[in-house]
Amino acid sequence: MSVVTLDTLSPGHEATIESLDLDAGFRQRLQALGLRCGRPLSVERQAALGGPLVVRVGPVQLMLRRCDAHGITVRLSA
Amino acid sequence: MKRLALVGMPNTGKSTFFNRLTGASARVGNWPGVTVDLYAAKILLGESMVEVVDLPGLYDLHGYSGDEQVVRRFLESQPVDALAVVLNAGQIEHQLPLALQLTHLGLPLVVLLNMSDEARAMGLSIDAEGLAAGLGCRVIAVSAKYGHGYGVAREALREALANPAPRPSLEELHSRLGGDDAVVEQADALLADTVVRPRQMAPNLSARIDRLALHPLWGIPLFIAALLGMFQLVYTLGAPLQDAVAWCLDGIRTLLLEPLAGWLPAPLYGLLVEGAWDGLATVASFVPVIVLFFLAMALIEDSGYLSRIAFLTDALMSRLGLDGRGFVMLLMGFGCNVPALMGTRVMRERRLRWLTMLIIPLSLCSARLQVFVFLTTALFTPHQAPWVLAALYLVSFVAAFVTAWLGGRVAPCHEPFVLELPPYRLPTLRQIALRSWQEVHHFLMRATRFIVIGVTLVWVLTHYPHDAVAGGPATLAGMFGQWMEPLLAPLGIDQTMAVVLLFGFVAKEIVLGALAVLVGADGDALTQLVGTRMDAVQGFSLMLFVLLYTPCLSTVATLKSETRSLAFTTVAVVWPLLLAWGASFAFYQGARLLGF
């Protein structure tokens, strides 16, 4: 049960969102898309060459850049 | 007249519903206080006329992106009698907070649960009546794509509008558009009572396609292959259609126009038949290819593949100071640069948006495509032509990337962004038919506005003074050509082309029509005559120049209205011109030096 930032996860990992340390407007956007504290998410895939991640939150698949995912702290599911 | 506004998140099928409701009679409206174009249509609902406005997609009412600010400003500044909120039923958990937020506005409201067929297929069960009770408004399951539930929805909208709710004052509305942490809790409570989602989602078709389409190694080669396949299909299907249209237009000329206009005095006959008609007919024969091309683009757009392209290209684009969305806009620009420029509204960071807007006009749009299809056919063997065209697309990308890279050095920028990857969907025949009609309509509008006037003017310039040899150095066009000669000669471009390029600034379609007028022929004769006027190296240099030089008038107007910056617009006009001249010069002189 370790707490890490989202960009360190690999495809297949599941975790729960702990905090969103992002600029207010962007946090607002993520929350509207369902990325809220306490919600579970899973990393579905990542692009080559340091490209973005695909994260699943509930029914939605989202693409996030790794540098932006760095601001999201998650608790890894066992 | 009462006014109904359509609100919803992106990817909810809001515009599909709008088109179904209004029968695609939409016009771009002019809204005081709202600086962007919104689609609106007047329809008969029950016994009264109602104006329906399609607002841009938004995630919430906080105004994070430009589009969301537009919606807010619209709701704050325009009287609205009722709202139709379109939700994607398959993502009800994420969409309900927006609906709840909107109920706080106090306007009569109807919630349309769109894509309910897709939600059912996912095993999702939604208690619409429970939701209606919780929201305090009608909730109707619909499928905008297939038209299910559409009659009930119309009836509910009529009722909502008939409901004489007092219009809230602007101040009231403004104060109600406030913060909303409670909304999420309220939404969660409501969802727990009304929505049942199967715990484990079966791996569906979308996931299986993505395993291949988004593969770290195969994703990009597959994307390029799909793009090439699309072009191949467009030309295989388009060529015979193009011949058919050209044949019909030629028939009209010989059977109808020539006998009818034969009695006209020679200058007038020349102006109408050899000027306006030949110019327009040459451009019009390319309409089938363009319609097919837009259909293929629409297929990609509606399928959900675009956001996958953003995913695949983001790593590359981030090294150029842009992001995957910018690449998607470049692709959209293949159709027409104008909507692609408007698409950049999703970008919030001004430098990022402006840089993206700077590279979009370099994208090889369908108007330029007509010119290139014509010239490659005239100057190269059928075996070479597709490769020449592919090379031009490559140049278009390289020019955009170089511009982005340079711009990124001047003004580096980064904007956090998130994109949804919707499930893959197939558009219906109805959507496809609607789309092609819109494109034909768009062409006819441009034809009447720019092309006829442009080619007619070119005819006048190449035929006056009337005692001069047509197209010769003594005509007005010839004089202009001599004046431009020092600039064009190093590029291998014939000075008679100067006037054609001048009018190409208005609309790139004119380049082709003007060429027909200049050479004084159309159809196959034109193709052969052009072949005698320039060789392959000159032709390619001309195409490079047409590809890169100043964007067309509509694009420039859009650049200006979207940025409201004269300085930026000037850069966006001058930079491509310099780039075009430099590229053509380097190519032509280089090729000649190598002995071609």
### Task
Count, for each residue of B:322-332, the Cβ atoms from other chains sitting within 10 Å of its Cβ, then give me the mean as a whole number.
1
### Query
Which distance in nm do the two modelled labels at B:H104 and A:T73 give, with both placed 7 Å along the Cα-to-Cβ direction?
2.8 nm
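A 27 angstrom limit on the alpha carbon distance is what I want to check against. Which of B:K508/B:K560; B:K2/B:K560; B:K42/B:K560 exceed it? Before the final figure, lay out the partial values.
Working: B:K508/B:K560 19 Å; B:K2/B:K560 33 Å; B:K42/B:K560 29 Å.
Cα-Cα > 27 Å for B:K2/B:K560; B:K42/B:K560; rest within.
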### Task
Pop out a list of residues from segment B:295-321 that are at least 20 Å² less accessible with all the protein chains around than in their chain alone; 1.4 Å probe, no ligands or nucleic acids counted.
B:F311, B:D314, B:A315, B:R319
### Task
Please work out the FRET efficiency for the pair A:T5 and B:S436, using the Cβ-Cβ distance as r and a Förster radius of 41 Å; give the result to the nearest 0.05.
0.30
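Quantify how strongly other chains surround peptide B:123-129 by giving the mean number of their Cβ atoms within 10 Å of each of its Cβ atoms.
Details: counts 0, 1, 0, 0, 0, 0, 0.
Average neighbour count from other chains, rounded to a whole number: 0.
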### Residues with amide H under 5 Å from that of B:F417, placed H, sequence gap 5 or more
A:R65
### Task
Calculate the spin-label point distance for B:D535 paired with B:W263, positioning each point 7 Å from the Cα along the beta-carbon direction, and give it in nanometres.
5.1 nm
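For Cα pairs less than 8 Å apart in space and 6+ apart in sequence, what is the mean separation divided by the residue count of segment A:19-78, i.e. the relative contact order in percent?
Numbers: 67 pairs, mean separation 19.3, N = 60.
So the answer I get is 32 percent.
Mind checking segment B:261-292 for chymotrypsin sites (Phe, Trp or Tyr not before Pro) that DSSP puts in a loop (not H, G, I, E or B) and that have at most 10 other Cβ atoms within 10 Å? Write down the numbers at each step before the final one.
Numbers: sites: B:W263, B:Y269, B:W277, B:F286; in loops: B:W263, B:F286.
Sparse-neighbourhood loop chymotrypsin sites (Phe, Trp or Tyr not before Pro): B:W263.
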### Message
On a straight-distance basis, which lysines could pair with B:K145 in a cross-link, Cα separation under 16 angstrom, same-chain partners fewer than 8 positions away excluded?
### Response
B:K14
### Task
Counting only C-alpha contacts under 8 Å and six or more residues apart, can you give the relative contact order of chain B as a whole percent?
11 percent
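Let me know the charge dipole size of segment B:64-135 about its Cα centre in debye, to the nearest 20, where only the beta-carbon of Lys, Arg (+1) and Asp, Glu (-1) is charged.
Numbers: 3 positive and 9 negative charges, 28 e Å.
The calculated dipole for segment B:64-135 is roughly 140 debye.
Which FRET efficiency, nearest 0.05, do B:L566 and B:L444 yield, Cβ-Cβ r, R0 22 Å?
On the way: r = 32 Å, r/R0 = 1.45.
The computed FRET efficiency comes out at 0.10.
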### Query
Applying 1/(1 + (r/R0)^6) with R0 = 60 Å to the Cβ-Cβ distance of B:K42 and B:A474, what FRET efficiency is obtained, to the nearest 0.05?
0.65
### Query
Given a 1.4 Å probe and no ligands, DNA or RNA in the count, how much accessible surface is buried by B and A, both sides, to the nearest 100 Å²?
3000 Å²
### Task
Using packing as a proxy for protection, rank B:216-227, B:565-576 so that the peptide with the highest average count of other Cβ atoms within 10 Å comes first.
B:565-576, B:216-227
### Message
So if each residue of separation counts as 0.36 nm, and I subtract the Cα-Cα distance between B:I224 and B:Y146, what length gain in nm does that give?
### Response
24.9 nm
### Task
Quick one: what are the phi-derived ³J(HN,Hα) couplings along segment B:475-482, Karplus 6.51/-1.76/1.60 with θ = phi - 60°, whole Hz, x for glycine and proline?
6, 4, 4, x, 5, 4, x, 5
### Task
For segment B:75-88, just list the computed ³J(HN,Hα) in residue order, Karplus coefficients 6.51, -1.76 and 1.60, θ = phi - 60°, integers in Hz, with x standing in for Gly and Pro.
5, 7, 9, 10, x, 10, 8, 7, 10, 10, 9, 9, 10, 7
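Within 10 Å of each Cβ of B:216-222, how many other protein chain Cβ atoms are there on average?
Numbers: counts 7, 1, 0, 4, 2, 0, 0.
Shielding by partners across B:216-222 averages 2.
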### Message
Accessible area per residue for the protein assembly as shown in Å², computed with a 1.4 Å probe and the full protein assembly in place, what is it?
### Response
43 Å²
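Could the peptides A:45-54, B:464-473, B:204-213, A:22-31 be put in order, highest first, of the mean number of other beta-carbon atoms found within 10 Å of their residues? If you can, show how the numbers build up before the last one.
Values: A:45-54: 19.6, B:464-473: 12.8, B:204-213: 14.4, A:22-31: 17.6.
Answer by packing, highest mean first, reads A:45-54, A:22-31, B:204-213, B:464-473.
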### Message
Could you sort the peptides B:325-338, A:2-15 by per-residue average Cβ neighbour count (10 Å cutoff), highest mean leading?
### Response
B:325-338, A:2-15
### Task
Report in % the part of the accessible area of segment A:3-76 that belongs to carbon and sulfur, leaving out ligands and nucleic acids; probe 1.4 Å.
48 percent
### Query
Under a point spin-label approximation (7 Å from Cα along Cα-to-Cβ), what is the B:Q78-B:R208 distance to one decimal in nm?
4.4 nm
## Note on the structure
The set of residues whose placed amide H lies less than 5 Å from the amide H of B:K2, leaving out same-chain residues fewer than 5 positions away, is B:E51
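The values are calculated or read from the model by the stated rules, or taken from the named source; none is laboratory data. What you are looking at is a predicted structure, and each value in this text was computed from that prediction instead of being measured. A quick note on method: Cβ atoms are made from the backbone with ideal geometry, for glycine too, and the neighbour counts reach across all protein chains shown. Calculation scope for accessible area: heavy atoms of the full protein, side chains included, ligands and nucleic acids excluded. Shrake-Rupley method; radii C 1.70, N 1.55, O 1.52, S 1.80 Å.
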